[in-house]
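The values are calculated or read from the model by the stated rules, or taken from the named source; none is laboratory data. Please read all numbers here as calculations on a predicted model, not as lab measurements. Because the Cβ atoms are built from the backbone with ideal geometry, glycine has one as well, and the counts that use them run over all protein chains shown.
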Amino acid sequence: MKGWLREGIISSYSLFLNRYYAGKPWDALLVLEYKDLESFGRRESIMARVRETLKRRSEVEGYQRKQEEYSNGEGTSDRQRA
């Protein structure tokens with residue numbers, strides 16, 4: 001959601017959780033307020049771009065975490081495992 005806000009396609013979002021089970025059960029309702037109709041039309045391409053950014057960030061953070069573990073003596077190299 002923060003990526004979509006940062007890209008400017010949505011102006012706000014709300015998440016509603018069901019606390020009272022009167023009627024048909026439901027868990028959550030997500031409401032997205034798009035900036036305009038053009039932004040709504042661009043949502044697929046923006047979502048793909050944000051997902052790619054998150055994927056790259058995740059890969060980098062995972063690599064950094066492994067490097068920190070290895071430098072702290074917590075990790076093992078492939079050679080040590082064999």
Is it the case that segment 32-50 has a residue that's modelled with pLDDT under 85 and within 18 Å of the chain's Cα centre (by Cα)?
no
Pick from Lys35, Lys2: which is in contact with a Gly (Cβ under 7 Å, 6 or more places away or on another chain) and not acidic (Asp, Glu)?
Lys35
